[in-house]
1. Looking only at region B:7-35, count every residue that is assigned to a helix (DSSP H, G or I) and either touching a Gly at 6+ places or on another chain (Cβ under 7 Å) or at negative phi (or both) and tell me the total.
2. Just to be sure I understand, how many residues within region A:218-249 are in a strand (DSSP E or B) and under 28 Å from A:Lys160 (Cα atoms)?
3. Could you identify the single residue in B:Val258, B:Val223, B:Val300 that is crowded, with 24+ Cβ neighbours inside 10 Å and not acidic (Asp, Glu)?
4. Return the residue satisfying two criteria in turn: it lies in region B:31-78 and is within 14 Å of chain C (Cβ to nearest Cβ) and among the charged types (D, E, K, R), and of such residues it is surrounded by the most Cβ atoms within 10 Å (Cβ to Cβ).
5. So which residues in region A:367-394 are under 21 Å from B:Arg365 (Cβ atoms) and free of Cβ contacts under 8 Å to residues at least 40 places away in the same chain?
6. Of (1) assigned to a loop (DSSP other than H, G, I, E, B); (2) over 26 Å from B:Glu375 (Cβ atoms); (3) touching a Pro at 6+ places or on another chain (Cβ under 9 Å), B:Glu100 satisfies all except one. Which?
7. From (1) surrounded by 18 or more Cβ atoms within 10 Å (Cβ to Cβ); (2) out of contact with any Asp or Glu (no Cβ under 8 Å at 6 or more places or on another chain); (3) not polar (S, T, N, Q), pick out the condition that doesn't hold for D:Arg53.
8. Of the residues A:Ser31, A:Ser3, which single one is among the polar types (S, T, N, Q), more than 25 Å from A:Val353 (Cβ to Cβ) and modelled with pLDDT under 95?
Amino acid sequence: MNSRTIRKLLIANRGEIALRIIRSARVLGISTVAVYSEADAGAAHVAAADDARLIGPAEPAASYLNIDALIGAAQSAGADAIHPGYGFLSERPEFARAVEAHDMVFVGPPADVMAALGDKVSARRIAVAAEVPVVPGIDTGELAAARKFAAQAGFPILVKAAAGGGGRGMRVVADAPGLEAALEAASREAQAAFGDGRVFLEKYLARPRHIEIQILGDHHGKVVALGERECSIQRRHQKIIEESPAPGLSAAMRDRMVEAALKLARAAGYRNAGTAEFLVDGDNFYFLEINARLQVEHPVTELRFGCDLVADQLHIAAGDHVADPPSPRGSAIECRINAEDAAHDFRPAVGRVLKLNLPAGPGVRIDTHLGLGAEVSPYYDSLIAKLICFGADREQARARTVVALGEFSLLGITNTAAFLRDIVASTPFAQADLSTRFLEENFARWTNDEADLNLALVAAAMVSEGIIGGTGLTGESAAANGARHESGGGARSPWAELAGFELWGKR
Amino acid sequence: MNSRTIRKLLIANRGEIALRIIRSARVLGISTVAVYSEADAGAAHVAAADDARLIGPAEPAASYLNIDALIGAAQSAGADAIHPGYGFLSERPEFARAVEAHDMVFVGPPADVMAALGDKVSARRIAVAAEVPVVPGIDTGELAAARKFAAQAGFPILVKAAAGGGGRGMRVVADAPGLEAALEAASREAQAAFGDGRVFLEKYLARPRHIEIQILGDHHGKVVALGERECSIQRRHQKIIEESPAPGLSAAMRDRMVEAALKLARAAGYRNAGTAEFLVDGDNFYFLEINARLQVEHPVTELRFGCDLVADQLHIAAGDHVADPPSPRGSAIECRINAEDAAHDFRPAVGRVLKLNLPAGPGVRIDTHLGLGAEVSPYYDSLIAKLICFGADREQARARTVVALGEFSLLGITNTAAFLRDIVASTPFAQADLSTRFLEENFARWTNDEADLNLALVAAAMVSEGIIGGTGLTGESAAANGARHESGGGARSPWAELAGFELWGKR
Amino acid sequence: MKLKRIGDAREFNVEILAREGAVVRASIDGVEFTAEVAPLADGSTMLHVGDRRLRTFGSRTRNAILVAAGPASFDFAPVEGRTGAARHGLTAPEVTAPMPGKVLKLLVAEGDSVKAGDALAVLEAMKMETTLYAESAATVKKLHVSAGQMVDHGAVIIEFSPVPAAPSANESKAPDA
Amino acid sequence: MKLKRIGDAREFNVEILAREGAVVRASIDGVEFTAEVAPLADGSTMLHVGDRRLRTFGSRTRNAILVAAGPASFDFAPVEGRTGAARHGLTAPEVTAPMPGKVLKLLVAEGDSVKAGDALAVLEAMKMETTLYAESAATVKKLHVSAGQMVDHGAVIIEFSPVPAAPSANESKAPDA
């Protein structure tokens, strides 16, 4: 492939990742085009880009998943490249094909490689052919075959979406009676999330660790690895805390996994940034899948290696040679702060940012699209901020994470910051006793600390009495919130009223 | 000296540096006590600490320079150590002595070493004795001696405060008639700023670079250096942009300067963090002074070395051995954003933060005490934020700085962000054609870009018409500002009314 | 006043007893607490209760009192008169949406009899499915929404006929979800 | 409306000519500009004028219209009726404080005659000294402040007697400061 200059990049995404990609592109002198749905007209990524285009209504299918609208926006803006971010269309080969068909650079792997590797069933086959170990399983979600496999392998069984990612369309099946419903629910969820309802089955490992290898491949056949990420702290197969290096992972084991990742990438003709995910069980590791895109947790690698993976992606997409990776240094931990009520079964939360205090300081990076007035709607992912802390060693990274999460404060959107703080501050986490069952084993029934609850109850009563937060001692009055609600511009979502601020009378 | 455990640290400072020290202490598990003047009751450092004590009225002499009030606060809070930050009492031996006399740990060099090195005249003598080259000069500001020296050395001559720092009490004298007035003004300013009116004279070098070496010394006689910082971009002897490594500095020259710094530190029995400042003129370097404290620009060293200099200070103060420094990586640039009107002769600005957008992203660190509602009063230093950007090389650090400064936006306090952005984006800066006369040579008559001015004029007219910023399209109304003003709590400074938000009628 | 956290049933009786300058005395379920209150420039409050000293934000919304105490976020609802049934002056139990989202499936029809544990409806929010189950036996009187419809938090989804053994319904996640 | 930046004398005649939805037409000293206006969630506005597309904050204060356009910060003052003299209904010239700060020294007394370039007073703000100089010959009518006093931005420091060759005074930094 010829070298292609990227002058204007459209970012086919929203939220923190759109903002993060825009920043790296601007640093490279590349002009940026944001896209936005009607729900995101006033969003941070729209403000950060050099240009911005409306691509449709709030529903993802009509906007961020709308290939025609995205191609149209790119053409009208004069973009010569498109970065898909993660989620949405990032792993859809048809999108990559459409981008290239319209003579633009797709910042990611070639569509065919993406199709082969992005599909988990096909990826398993490639791994088997490359003699990389995979988790025992079958390639289909067909009920009879599933029953047969389950009978042989024994429960629990994991149902996974072939097109999946991030725990969507995934179900753990505890016993035979639950199998059919789980297959159906997973398939429906996968269909809704990815437009592809195919599922397959794997043996559910009891207490594995999830460790992945970051790879970068260029157009000239070179593939390099940038170390590993430990992603074992998961809730319902959604990663919530990631770190690098993986604590206690031996150099020999890391080398074997890196070798397997490079072998897979070479076998598949991989290009651009990707991640080979493995389950680690004692001294064994099993290939899980290749995520043919930038990962949510890529910043932990950036902090250790002092690199910029998005810049690397753009260089590779333009035809540059990939450099040998720099030496890693220290330790980095990422926490995903979600708009969920961790004390109440992680019920999704929506709302508008009324007040916000973001952490900062040495070694602290926060990737977020949150700002005053930002709205979290039910249309999109619940990820609202990523806190990534670097330390000279794991203990410093961990302590910085605890302090930084303590500084994070957000009014208006119930979120998981306090839950994450308690995890990172806990003895099992400090001791790095990690497996994908970490949360079940240690934080299954988390709720807020009673002293925090008492303080909050007193605060709530003071709010009700107007002593704080309203017309009392503190600065911004309830009336001001009302004013913001009245005058808030931009496209109104159906949730705007819900997120608004009416006073109810003093009780 | 015995090893002493630090459990509770009082930070005898305010603003960004108090916040920054609090963060590192908390990461080490040390409880923190903030102090605040009546003007700072609602400030960020007060919120970040575990405990906070009022030490007096807004005037520095009555609060942050009030040794009795600080010692009293530390004792009542049960602190066992005091960190002085920079400025205020950080280089006053009598403060270090008072802290130790009350059986607390002073986080800094011993009082006697500080007295010997912190005084520029005495420091020059130590350097001469250690055979480290110094700038030609005399140790006194006495008029007759000054006239004689000036006649010998030739104008321009530099008048400097013996107790000085940061350009205060410093004057460049162009010719003989200006000498007496300059001596008097410098002495008066030095007396006001440091309580010590002594001044001395140096030959004014035409086009030197300012390069300094970071050192750390422990209680066990070990002193190490953590590379250099280039601080040539100065306005009236106030550093405004610093970076590491110094562009184009040869390894041999760096090694000679490091050796000189270590020789000085050993000769003086130096302990804790300090900085040896040099002027570099071609292949020659001249010792300028040792700053016996943490420097404002210490983060550029932290980003390159992946270290935490405040944590190092606390470890050293507790009696720990200083470690060999890690290897440096990449490049880092710091910009000091000041509350000054760069388009109007850098007139100091005051006000309250009405709106704020802080930059973020890979490699971006911002150390600031600014937040919504924060007040900049005339009592304290004009430094309101430090932007520090890391890059794999200088060009990436520079491009990230330009992008990050472009994201910085602050309504309510006129500031130098746009000026800094123009400097860092300029060809002379990109080419690293650096000397302490850089600003005079390249940015003597800076004003805002005409296109920005036109946009701002249109915006101002729209504000006046209520289209934006008031009751128009945007979120927060002028009424809300009014409400904040009415209900804003805390100690009111004499400037509160000035910084308040009254509506004036539509014109 | 009586408060509960949205999402669980535990009730708290919280009263402000006195306020003198920056010191507020309050009680929670009869236990007294002393709170020190210091306003910060950003409109938050440093609140010192017991061994906690936290930056605290608070605000009223139509449905709740929101509090952020350091990183912890709480949404409280006043207890009296705040349930769906009481709001409409009804005594009949209802199933209300536990979160804003889309009604993916209605699994019952008007007139159906349901028993405890029966799945009633599936909601989707942020791409995750949540199934609503019956807590006790009841008869479906009215479906207030149809499949595909977006609903607010607290919106009535299914209304039951009043029956002697008053059934109620509550949400919980699907067991395998 | 006529605007000037606080700190210099250049005046701008700015008018809003028309507004249609998100498009505003304005003129500056007779030159027309088209501005596209898009509100952002944080209360700022994306303002697109010419080749600039900047996050713009704006607010009125008592003395000024503040604008932050990206990193650039501006404080504008309406020109008519905004000078110290006009504010007090006087035609006599005055020296006003160019910034808030402390009056360090008064270098003239009431009744003194001054000529252009004479130092009148020294102010200190943020530890830096600023000297105020006379712009033309005048006679000191009244000192409105005393040494050591804190003054607001715009506060009258020295009032001059009206003289035929109307003198004015302006601030500038000491040459060596």
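1. Adding up the residues that qualify gives 12.
2. Residues flagged as in a strand (DSSP E or B) and under 28 Å from A:Lys160 (Cα atoms) within region A:218-249 amount to 18.
3. Being crowded, with 24+ Cβ neighbours inside 10 Å and not acidic (Asp, Glu) holds for just one of B:Val258, B:Val223, B:Val300, which is B:Val300.
4. If we take residues in region B:31-78 being within 14 Å of chain C (Cβ to nearest Cβ) and among the charged types (D, E, K, R), then B:Asp40 is surrounded by the most Cβ atoms within 10 Å (Cβ to Cβ).
5. Answer for region A:367-394, where residues must be under 21 Å from B:Arg365 (Cβ atoms) and free of Cβ contacts under 8 Å to residues at least 40 places away in the same chain: there is none.
6. Only one criterion in (1) assigned to a loop (DSSP other than H, G, I, E, B); (2) over 26 Å from B:Glu375 (Cβ atoms); (3) touching a Pro at 6+ places or on another chain (Cβ under 9 Å) is unmet by B:Glu100, namely (1).
7. Every listed condition holds for D:Arg53 apart from (2).
8. A:Ser3
The values are calculated or read from the model by the stated rules, or taken from the named source; none is laboratory data. Please read these numbers as outputs of a predicted model, since none were measured by experiment. Counting neighbours? That spans all protein chains shown, and the Cβs are built from the backbone with ideal geometry, glycine included.
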